[in-house]
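The values are calculated or read from the model by the stated rules, or taken from the named source; none is laboratory data. These numbers were taken from a predicted model, which means no experiment stands behind them. Here the Cβ positions follow ideal geometry from the backbone for every residue, glycine too, while neighbour counts run over all protein chains shown.
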Amino acid sequence: MNKHTFLITILIICLFISINSDAQSDIPSVDITNYPQEAKEGYKIFSQKCIKCHSAAKPLNAPYSGEAWKTTVYRMMRKEGSFVTQKEADKIYAFLVQYSSSRKPVQAVETKGLSPIDAGKKVYQQRGCAACHIISGLGGKVGPDLTAIGKTRNTEFLYKWLKNPQAVKPATIMPNLNLTDKEIKPLVEYLTNLK
Ligand code: HEC
Ligand code: HEC
């Protein structure tokens, strides 16, 4: 090997290492030592398949726990190019349920001292509703536009819906965010005033 090829070889090796470590750096380090077997396997599959379209932080920081994971994991499974099988989705689900139960619970949004509508707005922002809904042009398109939700839905519907969407419509993909009554009341106030 002459000096030239040697240097090029070194360069290629360095490049390879840097690309590889880039891919690795996105994989979350989660202590799975005490997880059940199914959840352990789920973590492995999660680290390979749930980071292809977005960072692992998206699911790991999502405010879901327990059953609420089911709708999102199955929805991701059905996304084109996910290459996640039903069996794998069940394991990923097991991992996420375990993971979310072992991290500290989602804190209820603090709304003391705010007017009901401002409090509702704050809950809306902090609970990630805008990831899936648009209000006045801003937000995601997974769920319906809520810009004028106060025209079509009354307090009673909104309260029931936000308390537990699956109780109103079992097949809905909106996750149950386990909101407290203290969060739901101002949120309903805010939404019914959007007209
Ligand atoms: C083929 C691409 C793709 C793959 C693979 C994928 N996602 Fe997603 N994911 C998306 C897109 C696009 C969005 C944003 C729009 C949406 O919510 O549909 C998203 C949004 C999300 C959200 C936020 C929205 C919500 O429903 O809460 C979570 C959580 C999530 N993904 C979890 C996962 C998990 C867990 C996996 C692995 C099973 C996964 N994703 C794999 C494309 C993907
Ligand atoms: C992961 C995406 C997602 C998140 C997060 C989410 N939603 Fe939804 N939401 C949906 C989808 C999808 C629907 C449509 C459900 C259906 O009809 O099956 C929906 C429906 C609704 C409806 C009923 C609309 C109607 O007229 O039927 C309201 C109100 C609503 N969401 C409010 C909220 C609020 C407030 C939050 C935050 C606390 C929130 N959503 C978080 C996806 C989401």
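Quick notes
- Among the helices (runs of 4 or more DSSP H) confined to segment 36-104, the ones with at least 3 residues that are buried (at least 19 other Cβ atoms within 10 Å of the Cβ) are located at 37-49, 68-77, 86-102.
- Checked against (1) within 9 Å of ligand 1 (Cβ to nearest atom); (2) at pLDDT below 95; (3) among the charged types (D, E, K, R), residue 26 passes all but a single condition, namely (1).
- Qualifying residues in segment 144-165 (those that are in contact (Cβ under 8 Å) with a residue 40 or more places away in the chain and assigned to a loop (DSSP other than H, G, I, E, B)) - the one surrounded by the fewest Cβ atoms within 10 Å (Cβ to Cβ): 148
- So residue 56, is it over 19 Å from residue 132 (Cβ atoms), within 7 Å of ligand 1 (Cβ to nearest atom) and not acidic (Asp, Glu): no
- Out of 111, 72, 85, sole residue that is within 11 Å of ligand 2 (Cβ to nearest atom) and among the polar types (S, T, N, Q): 72
- So residue 98, is it in the same structural domain as residue 48 (by TED's automatic domain parsing) and either among the polar types (S, T, N, Q) or within 14 Å of ligand 1 (Cβ to nearest atom) (or both): yes
- Which listed residue is at pLDDT below 95 and within 11 Å of ligand 2 (Cβ to nearest atom), from 158, 187, 146, 177: 177
- Inspection of segment 117-130 finds a residue satisfying the criterion of being of a type in the set (Gly, Ala, Ser), under 17 Å from residue 162 (Cα atoms) and within 15 Å of ligand 1 (Cβ to nearest atom).
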